[in-house]
Amino acid sequence: MVKFSFKIIDEYKKTRARTGIVKTAHGSFKTPAFVPVATAATVRSLGNDDLDKSKAEAVLANTYHLHMRPGDGLVKQLGGLHKFMNWNKPIITDSGGFQAFSLGFGMEHGIGKIGNIFASKKNKIKNKKQAEIDNFGVTFKSPVNGDKIRLTPEKSMKIQSNLGADIIMAFDECTSPLSGYEYTKRALRRTHDWALESLRYKDKKQALFGIVQGGEYKDLRIFSSKFINNQDFEGHAIGGSLGKNKEDMHNILEWCIPLLDKKKPIHLLGIGAVEDLFESVERGIDMFDCVAPTRWARRGYLYVSPKEKGDKKNKFRINISRGKFKEDEKPADRNCNCYTCENFSRAYLRHLFVASELLYFRLASLHNVNFILRLMDEIRRSIKEDGFNRLKKRWLKK
């Protein structure tokens, strides 16, 4: 049977913000939680010792990529994902549904998860799709060797069982923000059918989360929330297109969350910007995952707190490649307690980045992951101490 539970610890007045504990067979983690993404059984450029120092309590791995390489059968043969990557804390796996979008309409519509998730119809078509969806599953063209890969709800559950994750996701279709109402409605029917199939084929030792879809359309989101809530899932997730701007995303959360069982954890898939963490926690989200901290690090962006005065476009980041940091002796963020900030200057980090030195990727990723995890700790503490609104105002003030 499933070794899984969720307990609410604190609730913040006049909002849906709460703290809690998720318990699994491989330990527990505190909520609201940010879960670093270990796509191919590793958080890019970081070791488990780095994650431990950052107090990461769980990671999320990618079903599609691990099925492709090295193969979920091999991972099972070698003792499962926990043993394979020597990680003795909770592991979550996605279902492969996001790749149905990223390799399908995501490529055709020119939409990525980082930078332009809130797309407009001005986006240009950029690439031919490498994923085709039908009512029974998704057929992918492998970017590794060109082979065809077929994912169905049954296959996704089998892969996730082989990987041995503690928390798994139902197979779904992650829709594009450029898909119209009729297509989104058809995709939602598929997602609901696949949710029932996922329940049928799930490994009973794993906790399965159902995923609410429906794009930016209120009636579809409400319908999906009620449908998913009525099924026997251990938790819920909200995914797919979250509209064309932040306000749309907030509306979607307002529509969905009140209809989901309060006693079960709610995971917002693929979201991790600082402002989104505050807005989503306030509306009742318990769990987040996103590749943003490590991906932005690799692109030269380091997270900073409000007092550090970040970029004009995003006050929570600095672009370390800029010349103004060439002689800057300050750490990336003077309020940060990570190994990078305690030992290295902005000038050194800029030198590493400009010189394409591999050490940069570890130091920058370590800082960004630690930054977000430390912020989540602050958020949890503020809810417990009845100060969430004050903390949010301090971070998000204009």
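The values are calculated or read from the model by the stated rules, or taken from the named source; none is laboratory data. Being a predicted model, the structure only gives us computed values, none of them experimental. No Cβ is skipped: glycine too gets one built from the backbone with ideal geometry, and neighbour counts run over all protein chains shown.
With the requirement that a residue be out of contact with any Phe, Trp or Tyr (no Cβ under 8 Å at 6 or more places or on another chain) and touching a residue at least 24 places away in the same chain (Cβ under 8 Å), what does the stretch 12-22 give you?
Of everything in the stretch 12-22, those that are out of contact with any Phe, Trp or Tyr (no Cβ under 8 Å at 6 or more places or on another chain) and touching a residue at least 24 places away in the same chain (Cβ under 8 Å) turn out to be Lys13, Arg16, Thr19.
Could you list all residues from the stretch 164-201 that are touching a His at 6+ places or on another chain (Cβ under 7 Å) and over 20 Å from Leu268 (Cβ atoms)?
To start, the set of residues in the stretch 164-201 that are touching a His at 6+ places or on another chain (Cβ under 7 Å) comprises 164, 166, 176, 178.
Those that are touching a His at 6+ places or on another chain (Cβ under 7 Å) and over 20 Å from Leu268 (Cβ atoms): Gly164, Leu178.
Restricting attention to strands (runs of 3 or more DSSP E) lying wholly within the stretch 9-55, give those where 1 or more residues are surrounded by fewer than 17 Cβ atoms within 10 Å (Cβ to Cβ) and out of contact with any Cys (no Cβ under 8 Å at 6 or more places or on another chain).
Working: elements: 18-24, 27-31, 33-36.
Correct list: 18-24, 27-31.
Looking at the stretch 246-264 only, could you name the residues that are farther than 17 Å from Ala195 by Cβ and either buried (at least 24 other Cβ atoms within 10 Å of the Cβ) or within 18 Å of the chain's Cα centre (by Cα) (or both)?
Lys246, Met249, His250, Ile252, Leu253, Ile257, listed by residue number.
Within the stretch 320-358, which residues are in a helix (DSSP H, G or I), surrounded by fewer than 16 Cβ atoms within 10 Å (Cβ to Cβ) and of a type in the set (A, V, I, L, M)?
Within the stretch 320-358, Ala347, Val354, Leu358 meet the criteria.
Do we find a residue being closer than 22 Å to Lys397 by Cβ, touching a residue at least 60 places away in the same chain (Cβ under 8 Å) and aliphatic (A, V, I, L, M) anywhere in the stretch 331-349?
no
Out of (1) within 30 Å of Pro258 (Cα to Cα); (2) touching a helix residue (DSSP H, G or I) at 6+ places or on another chain (Cβ under 6 Å), the odd one out for Asp333 is which?
Failing condition for Asp333: (1).
Report the residue count in the stretch 153-167 for those that are under 13 Å from Phe209 (Cβ atoms) and out of contact with any Pro (no Cβ under 9 Å at 6 or more places or on another chain).
3
Pick out the one residue from Ala56, Ala25, Ala41, Ala61 that is in contact (Cβ under 8 Å) with a residue 40 or more places away in the chain, assigned by TED's automatic domain parsing to the domain that holds Ser95 and farther than 30 Å from Phe140 by Cβ. Break it down stepwise before answering.
On the way: Ala56 fails: farther than 30 Å from Phe140 by Cβ; Ala41 fails: farther than 30 Å from Phe140 by Cβ; Ala61 fails: farther than 30 Å from Phe140 by Cβ.
Being in contact (Cβ under 8 Å) with a residue 40 or more places away in the chain, assigned by TED's automatic domain parsing to the domain that holds Ser95 and farther than 30 Å from Phe140 by Cβ holds for just one of Ala56, Ala25, Ala41, Ala61, which is Ala25.
If I filter the stretch 316-329 for residues that are of a type in the set (S, T, N, Q), touching a helix residue (DSSP H, G or I) at 6+ places or on another chain (Cβ under 6 Å) and farther than 18 Å from Leu46 by Cβ, do I get at least one hit?
yes
Can you name the residue in the stretch 236-248 that is free of Cβ contacts under 8 Å to residues at least 60 places away in the same chain and of a type outside the set (D, E, K, R) and, of all such residues, is farthest from Ile92 (Cα to Cα)?
Within the stretch 236-248, the match that is farthest from Ile92 (Cα to Cα) is Ile238.
For residues that are over 18 Å from the mean Cα position of the chain (by Cα) and at pLDDT below 60, scanning just the stretch 71-107, find the one that is nearest to Ala25 (Cα to Cα).
Ranking the candidates gives Gly104 first.
I'm trying to understand the selection: among the residues of the stretch 176-235, which are of a type in the set (Lys, Arg) and surrounded by fewer than 20 Cβ atoms within 10 Å (Cβ to Cβ)?
Residues satisfying the conditions are Lys185, Arg186, Arg189, Arg200, Lys204, Lys205, Lys218, Lys226.
Which members of the stretch 284-305 meet the condition of being assigned to a helix (DSSP H, G or I) and crowded, with 20+ Cβ neighbours inside 10 Å?
The answer is Ala292, Pro293, Thr294, Trp296, Ala297.
With the structure loaded, tell me whether Lys148 is over 23 Å from the mean Cα position of the chain (by Cα), without any contact (Cβ under 8 Å) to a residue 12 or more places away in the chain and over 28 Å from Pro90 (Cα atoms) or whether it fails that test.
Considered against the rule, which asks whether it is over 23 Å from the mean Cα position of the chain (by Cα), without any contact (Cβ under 8 Å) to a residue 12 or more places away in the chain and over 28 Å from Pro90 (Cα atoms), Lys148 comes out as yes.
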